[in-house]
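Enquirer: Mind looking over this structure? Questions follow.
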Amino acid sequence: MGTNKIGLENKPVLELVDHLNILLANYQIHYQKVRGCHWNIRGRQFFELHVKFEELYNNAQITIDELAERVLTLGKSPVSTFKEYIEIADLKEIKTEGLSEVEMVEAILEDFKKLIEIEREVIANASENANDEGTADMVIAFLRFKEKTSWMFRAWSGKK
Ligand SMILES: [Fe+2]
């Protein structure tokens, strides 16, 4: 069994890369959903949420770039077409036009829940199968951000 240029075993790392690409595809669907919320938000909380959604999609964009560049670091190409994103992602696109602010926040919370689930699997895969602590550490930071932001959105919506 060979190792790659940074000393990781090829077989488990290439499986991990596929897993990272799935996370990347899901993130792209999420990114566009949050952009839609930023554009279509209406009502008394416009100013607050318009800005908050922008903060979130900017964060998602950075996350997506880090994921793609990690895929390249590990020796493969990141998925880069919307066709592939839609094919391999678990998250679904939604129309954000006409959604209430509560519906938008709930849609984002649902995405977070799914993304967190995938990230926990990626982290376990990275550290247990591929011995790749670099990837695990990177994804743990993404996970922690969404865990905290989920709490904030639940607090905003008055949910437990
Ligand atoms: Fe904008």
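Enquirer: Quote the relative contact order of the range 10-156 in percent (integer), defining contacts as alpha-carbon pairs under 8 Å separated by 6+ residues.
Expert: 32 percent
Enquirer: Right, another one. How much net charge surrounds V34 when only the other residues with a Cβ under 9 Å from the Cβ of V34 are counted, with Lys and Arg +1 and Asp and Glu -1?
Expert: Working: positive: K33, R35; negative: E54, D111.
Taking every Cβ under 9 Å from that of V34, the sum is 0.
Enquirer: So if I restrict to the alpha-carbon atoms in the range 10-156, what is the Rg, and what is Dmax, the biggest pairwise distance, in Å?
Expert: 15.6, 53
Enquirer: Could I ask something else about it? Go through Q61, G36, V71 and say which Cα lies farthest out towards the positive end of the charge dipole of the chain; charges sit on Cβ, +1 for Lys and Arg, -1 for Asp and Glu.
Expert: The residue sitting most towards the positive pole is G36.
Enquirer: Something else about it: Describe numerically, in nm with one decimal, the distance between label points set 7 Å from Cα along Cα→Cβ at A155 and at K92.
Expert: Rounded to a tenth, the inter-label distance reads 3.2 nm.
Enquirer: Taking the Cα centre as origin and putting +1 on Lys and Arg beta-carbons and -1 on Asp and Glu beta-carbons, what dipole magnitude results for the range 10-156, to the nearest 20 debye?
Expert: On the way: 18 positive and 26 negative charges, 80 e Å.
For the range 10-156, the charge dipole is close to 380 debye.
Enquirer: Sticking with this one: Note the angle between two axes, namely the Cα long axis of helix 133-156 and the longest principal axis of the Cα atoms of the chain, as a number of degrees from 0 to 90, rounded to the nearest 10.
Expert: Once rounded, one gets 10 degrees.
Enquirer: Calculate for the chain the 222 nm mean residue ellipticity that helices alone would give, adding -39,500 (n - 2.57) per DSSP H run of length 4 or more and normalising by residue count, nearest 500 deg cm²/dmol. Please list the in-between numbers first.
Expert: Numbers: 5 runs with 114 residues, N = 160.
Per the formula, -25000 deg cm²/dmol.
Enquirer: So, in nm, how far is label D18 from label D65 when the simple model puts each one 7 Å beyond its Cα toward the Cβ?
Expert: It is 3.0 nm.
Enquirer: Same structure again: By how many degrees, between 0 and 90 and to the nearest 10, does the Cα long axis of helix 101-124 differ from the longest principal axis of the chain?
Expert: Taking Cα atoms only, the helix is inclined about 10 degrees.
Enquirer: Now a separate question. Does anyone have the angle between helix 46-73 and the longest principal axis of the chain? Alpha-carbon axes, 0 to 90°, nearest 10?
Expert: Its long axis makes an angle of about 10 degrees.
FYI, it's all coordinate maths here, none of it is from the lab. Quantities reported herein were computed from a predicted structural model and do not represent experimental measurements. Ideal geometry is used to build each Cβ from the backbone, glycine not excepted, and the neighbour counts take in all protein chains shown.
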